[in-house]
Amino acid sequence: ACGATPPAYEPAAAALAARGEQPTALHHNCSGKHAGILALAKVLGAPLEGYLEPAHPAQRAILALCERVSDDVFDGDKLAIDGCGIPVYATTLHKAAVSFARFATLRGLDDADATALARVAAAMANEPWYVGGTGRFDTDLMRATRGRIVGKAGAEGVHCDALLDAGLGLALKVIDGTRRAAAPATLSVLDALRALEPDAREALRPHASVAVKNAAGRVVGEIAALPDWLPTEAAAGG
């Protein structure tokens, strides 16, 4: 499993420490992922033991679905293990965007996969807090857009969205692997796509830039998208 870590939300971590309690694996931000895989194993009638192994029936089912929605093929050369001990497979940003576009279009999926993806998208739109949590960009984005955009942050500066009305998928990766630039960059792309209503843009303003502070707490810089990052012809729809 993931191991024990304090909650990612700092006030919750402080409250846990104030009560004199030690963090457990349940506080890790990937504990829900493990619970979901174990639940899948139960549905499949597979043993719970070894659920992290690539050959486990639950992992094989997850792999097969990822291949179907991304139009990619994940052979052994693409296999790795993530920080939570779970098999992951290398793919491109394009294929990641295709996967999220499928949430919006359901194109090319059989009835079972289409029903499953529609159910997941509806769950994310209706209960965004359970996707990220308090103060998290993915949660705030879904709330601000009233579920017209569903998205999920990932490790190493990854963020993906499905623009349900437009039938588009968006995948973004911050090269240095930190997440602090992911929200400003994503908002800039969504603005370029004219995907945000004025009220949503205003609600998400706190995520549009990130202050850089020194050890004394003084603001010494800012992380934000450059105003002219998009080529003129692209901005004009050319």
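What the table shows:
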| item | result |
| --- | --- |
| In region 80-136, the residues that are in a loop (DSSP other than H, G, I, E, B) and among the β-branched types (V, I, T) | I86, T91, T92, V131, T134 |
| Which listed residue, of A171, A216, is out of contact with any His (no Cβ under 9 Å at 6 or more places or on another chain), farther than 20 Å from A8 by Cα and of a type outside the set (D, E, K, R) | A216 |
| Region 1-41 - residue that is of a type in the set (V, I, T) and at pLDDT below 95 and, of those, surrounded by the most Cβ atoms within 10 Å (Cβ to Cβ) | T5 |
| Residue in region 91-108 that is at pLDDT below 95, among the aliphatic types (A, V, I, L, M) and closer than 30 Å to H27 by Cβ present | no |
| Residues located in region 168-183, provided they are farther than 20 Å from R102 by Cα and either surrounded by 19 or more Cβ atoms within 10 Å (Cβ to Cβ) or of a type in the set (A, V, I, L, M) (or both) | V174, I175, A181, A182, A183 |
| Scope region 54-63; condition in a loop (DSSP other than H, G, I, E, B) and either in contact (Cβ under 8 Å) with a residue 24 or more places away in the chain or surrounded by 12 or more Cβ atoms within 10 Å (Cβ to Cβ) (or both); matching residues | P54, H56 |
| Residue count for region 190-233, restricted to those that are assigned to a helix (DSSP H, G or I) and surrounded by fewer than 17 Cβ atoms within 10 Å (Cβ to Cβ) | 11 |
| Qualifying residue in region 36-48 (condition: among the β-branched types (V, I, T) and either more than 23 Å from the chain's Cα centre (by Cα) or part of a helix (DSSP H, G or I) (or both)) | yes |
| R194 free of Cβ contacts under 8 Å to residues at least 24 places away in the same chain, basic (K, R) and over 26 Å from A12 (Cα atoms) | yes |
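The values are calculated or read from the model by the stated rules, or taken from the named source; none is laboratory data. Model, not experiment: these values are computed from the prediction. Glycine gets a Cβ as well: all are built from the backbone with ideal geometry, and neighbour counts include every protein chain shown.
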